[in-house]
Amino acid sequence: MAAAGAPVRAADSGRAGPIRVGEVNSYSALPAFTEPYRKGWQLALEEVNAAGGVLGRPLEFVSRDDAGKPADALNAVNELVTREEVALVAGTFFSHVGLAVADYAARRDVFFLAAEPLTDALVWSKGNDVTFRLRPSNHMQAAMLAEEAAKLPAKRWATIAPNYEYGQSAVAEFRKLLSEKRPDIEWVAEQWPPQGKIDAGPVVQAIAAAGPEAILNVTFGPDLVKLVREGTTRGLFKDRSVVSFLTGEPEYLDPLGAEAPEGWIVTGYPWYAIDTPEHKAFLEAYQARWNDHPRLGSIVGYVTVKSIAAIIAKAKSTDTAALVEAAKGVAVDTPFGPITYRAADHQSTLGAFVGRTAVVDGKGRMVDAVYRDGARYLPAEAEAAKLRPGG
């Protein structure tokens with residue numbers, strides 16, 4: 001690892017070959033999300049280059065696996081910047097990994113487009129000049145879910161979330177926003193299993209013992225499967241409302257099949273039920289390229305590349321300062337419709353679908369899903385700017 005502190009500019013400027021982008025993600029730690037993500041960015045890369053590239057040059061991704069570990073991510077990003085001489089960096093999944101890369105990017109003056117990490121700290125309390133984020137944040141998804149949760153009669157709530165940055169941030173935001181809407185509710189229990197290592201039996205037992213009327217779940221991936229199976233077996237979800245981050249994403253709903261929970265209020269991606277021209281074009285291209293249906297990771301990877309291409313084209317340069325200025329307010333067309341990256345807090349306005357889980361033909365599905373525009377769930381830019389360092 002090179003010594004910290006000495007700012008460097010990306011070494012790409014002035015070259016005539018491909019524009020190289022360093023890409024890091026948790027491929028071996030969470031393949032259910034990151035493999036579709038890889039297919040998404042590969043598809044977009046092929047489309048961008050087939051259309052002539054950017055600034056008359058092809059776009060090239062140099063990809064690395066961070067294994068879901070901040071130290072591995074930092075080693076990978078440093079190698080990409082100092083040896084591979086990439087113009088900018090993109091990717092990351094886990095929030096604590098994203099924060100580590102964002103800190104590195106700020107210290108080395110390298111543009112960083114965070115594709116997935118959801119913690120609000122990334123663009124607010126620990127935001128920096130060179131980091132922008134694509135996905136709707138914990139605050140945005142919590143606000144979407146709290147809007148629905150506030151309509152429930154339940155007054156006694158419990159929470160289950162992985163014990164790291166993402167889970168802690170998601171629970172804090174949901175509790176704050178729901179309590180503001182419903183001062184009459186009471187938080188009666190919380191469980192913080194380690195990410196990827198949930199022992200679902202004791203978790204379910206502890207929550208059931210508290211007798212909540214509703215549960216907020218933030219677990220995902222294999223932990224979610226274990227929680228659903230154990231909770232169903234023990235009757236935890238019977239006659240209780242459940243609100244759940246991410247559970248409607250095919251990455252996490254598909255593995256449950258006919259065991260999928262029914263009636264949970266979730267954020268997700270009902271690719272089979274979106275009837276817009278933008279999404280239809282993406283779906284047809286994705287299925288033609290991969291002979292498979294997309295997951296949410298596919299959308300994130302695809303829009304990451306489209307965003308990078310739009311930012312470089314607007315900047316007319318790969319210098320970090322030019323990329324930062326270009327990213328502020330840049331408009332990007334996505335399969336979910338147009339989005340922008342806000343100048344004040346570097347957050348994109350990409351939204352999410354909110355609906356309920358169901359079992360349809362033996363498969364886990366989202367039903368009654370409605371797209372929520374991310375811009376509606378963000379504070380005004382002037383207010384968001386105050387949430388950043390020095391604001």
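The values are calculated or read from the model by the stated rules, or taken from the named source; none is laboratory data. Every value quoted in this text rests on a predicted model; they were computed, and no experiment measured them. All Cβ positions, even for glycine, are placed from backbone atoms using ideal geometry, and neighbour counts span all protein chains on display. In case anyone asks, the SASA skips ligands and DNA or RNA and just uses the protein heavy atoms, side chains included. Shrake-Rupley method; radii C 1.70, N 1.55, O 1.52, S 1.80 Å.
Name the residue, out of 103, 120, 109, that is open to solvent by 10 Å² or more (accessible area, probe 1.4 Å) and without any contact (Cβ under 8 Å) to a residue 40 or more places away in the chain.
Result: 103 is the single residue among 103, 120, 109 that is open to solvent by 10 Å² or more (accessible area, probe 1.4 Å) and without any contact (Cβ under 8 Å) to a residue 40 or more places away in the chain.
Residue 357 versus (1) closer than 23 Å to residue 110 by Cβ; (2) in contact (Cβ under 8 Å) with a residue 40 or more places away in the chain; (3) β-branched (Val, Ile, Thr): which is the lone unmet condition?
(1)
How many residues does region 342-351 hold that are under 15 Å from the mean Cα position of the chain (by Cα) and open to solvent by less than 10 Å² (accessible area, probe 1.4 Å)?
First, the residues of region 342-351 that are under 15 Å from the mean Cα position of the chain (by Cα): 346-351.
Within this subset, residues satisfying the condition of being open to solvent by less than 10 Å² (accessible area, probe 1.4 Å) are 346-348, 350-351.
Residues in region 342-351 being under 15 Å from the mean Cα position of the chain (by Cα) and open to solvent by less than 10 Å² (accessible area, probe 1.4 Å): 5 in total.
Give me a count of the residues in region 222-244 that are assigned to a loop (DSSP other than H, G, I, E, B) and touching a helix residue (DSSP H, G or I) at 6+ places or on another chain (Cβ under 7 Å). Steps first, please.
Taking region 222-244 as the starting set, the residues that turn out to be assigned to a loop (DSSP other than H, G, I, E, B) are 234-240.
From what's left, touching a helix residue (DSSP H, G or I) at 6+ places or on another chain (Cβ under 7 Å): 234, 236-237.
Looking only at that region, the number is 3.
Scan region 260-299 for residues that are farther than 18 Å from residue 373 by Cβ, without any contact (Cβ under 8 Å) to a residue 40 or more places away in the chain and in a helix (DSSP H, G or I) and jot them down.
271, 280, 284, 287, 288
Hey, which of the strands (runs of 3 or more DSSP E) in region 107-203, taking only ones fully inside, have at least 1 residues that are closer than 30 Å to residue 74 by Cβ and touching a strand residue (DSSP E or B) at 6+ places or on another chain (Cβ under 9 Å)?
Numbers: elements: 112-114, 131-133, 156-160, 186-191.
In region 107-203, the matching strands (runs of 3 or more DSSP E) lie at 112-114, 131-133.
Out of 247, 219, which single residue is in a strand (DSSP E or B) and under 23 Å from residue 164 (Cα atoms)?
Numbers: 219 fails: in a strand (DSSP E or B).
Just a single option satisfies the conditions, and that option is 247.
(1) in a loop (DSSP other than H, G, I, E, B); (2) surrounded by fewer than 24 Cβ atoms within 10 Å (Cβ to Cβ); (3) touching an Asp or Glu at 6+ places or on another chain (Cβ under 8 Å); (4) not polar (S, T, N, Q): which one isn't true of residue 68, the others all being true?
(3)
Being modelled with pLDDT of 95 or more, acidic (Asp, Glu) and closer than 25 Å to residue 106 by Cα: is that true of residue 345 here?
yes
Out of everything in region 87-96 that is under 18 Å from residue 38 (Cα atoms) and of a type in the set (A, V, I, L, M), what residue ends up being surrounded by the most Cβ atoms within 10 Å (Cβ to Cβ)?
89
Hey, does region 308-322 have a residue that's open to solvent by 10 Å² or more (accessible area, probe 1.4 Å), within 27 Å of residue 20 (Cα to Cα), in contact (Cβ under 8 Å) with a residue 24 or more places away in the chain and in a helix (DSSP H, G or I)?
yes
State all residues of region 156-191 that are buried (at least 16 other Cβ atoms within 10 Å of the Cβ) and acidic (Asp, Glu); if no residue qualifies, say none.
165, 173, 190 - these are the residues of region 156-191 that are buried (at least 16 other Cβ atoms within 10 Å of the Cβ) and acidic (Asp, Glu).
Which residues, counting only those in region 16-31, are open to solvent by 50 Å² or more (accessible area, probe 1.4 Å) and either at pLDDT below 60 or aliphatic (A, V, I, L, M) (or both)? Talk me through it step by step, then tell me what you get.
In the first step, residues of region 16-31 are kept if they are open to solvent by 50 Å² or more (accessible area, probe 1.4 Å); the result is 16, 18, 20, 28, 31.
If the condition is that a residue be open to solvent by 50 Å² or more (accessible area, probe 1.4 Å) and either at pLDDT below 60 or aliphatic (A, V, I, L, M) (or both), then 16 is the only one that fits.
Could you tell me which numbered condition residue 13 fails, if it satisfies all but one of (1) more than 23 Å from the chain's Cα centre (by Cα); (2) modelled with pLDDT of 95 or more; (3) among the hydroxyl-bearing types (Ser, Thr, Tyr)?
Every condition holds for residue 13 apart from (2).
Return the pairs, sorted by first residue and then second, in which the second residue is in a strand (DSSP E or B) and open to solvent by 50 Å² or more (accessible area, probe 1.4 Å), the first residue lies in region 22-36 and is polar (S, T, N, Q), the beta carbons are less than 9 Å apart, and the residues are 6+ apart or on different chains.
Qualifying pairs under 9 Å: 25/64; 25/65; 26/65; 28/65; 34/65.
Does region 287-300 contain any residue that is hydroxyl-bearing (Ser, Thr, Tyr) and open to solvent by 10 Å² or more (accessible area, probe 1.4 Å)?
First, the residues of region 287-300 that are hydroxyl-bearing (Ser, Thr, Tyr): 298.
In the following step, the residues that additionally are open to solvent by 10 Å² or more (accessible area, probe 1.4 Å) were identified as none.
The answer is no; no qualifying residue exists.
Out of the residues in region 223-250 meeting the condition of being of a type in the set (Asp, Glu) and over 15 Å from residue 358 (Cα atoms), tell me which one is most open to solvent (accessible area, probe 1.4 Å). Working first, answer last.
Of the residues in region 223-250, the ones of a type in the set (Asp, Glu) are 223, 230, 239, 249.
Next cut, over 15 Å from residue 358 (Cα atoms) only: 223, 230, 239.
Values: 223: 4, 230: 53, 239: 142 Å².
Looking at the filtered set, the residue picked out is 239.
Those residues that are among the small types (Gly, Ala, Ser) and outside any loop (DSSP other than H, G, I, E, B), I need them from region 71-106; list them, please.
Those that are among the small types (Gly, Ala, Ser) and outside any loop (DSSP other than H, G, I, E, B): 71, 73, 76, 90, 91, 95, 98, 100, 102, 105, 106.
Restricting attention to region 251-281, which residues are within 19 Å of the chain's Cα centre (by Cα) and open to solvent by less than 50 Å² (accessible area, probe 1.4 Å)?
At the first step, the residues of region 251-281 found to be within 19 Å of the chain's Cα centre (by Cα) are 251-254, 265-271, 279.
Correct list: 251, 252, 253, 265, 266, 267, 268, 269, 270, 271, 279.
Quick one: which of 134, 80 is open to solvent by less than 10 Å² (accessible area, probe 1.4 Å) and under 21 Å from residue 171 (Cα atoms)? Break it down into steps so the answer makes sense when it comes.
On the way: 80 fails: under 21 Å from residue 171 (Cα atoms).
Step by step, each of 134, 80 is checked, and only 134 is open to solvent by less than 10 Å² (accessible area, probe 1.4 Å) and under 21 Å from residue 171 (Cα atoms).
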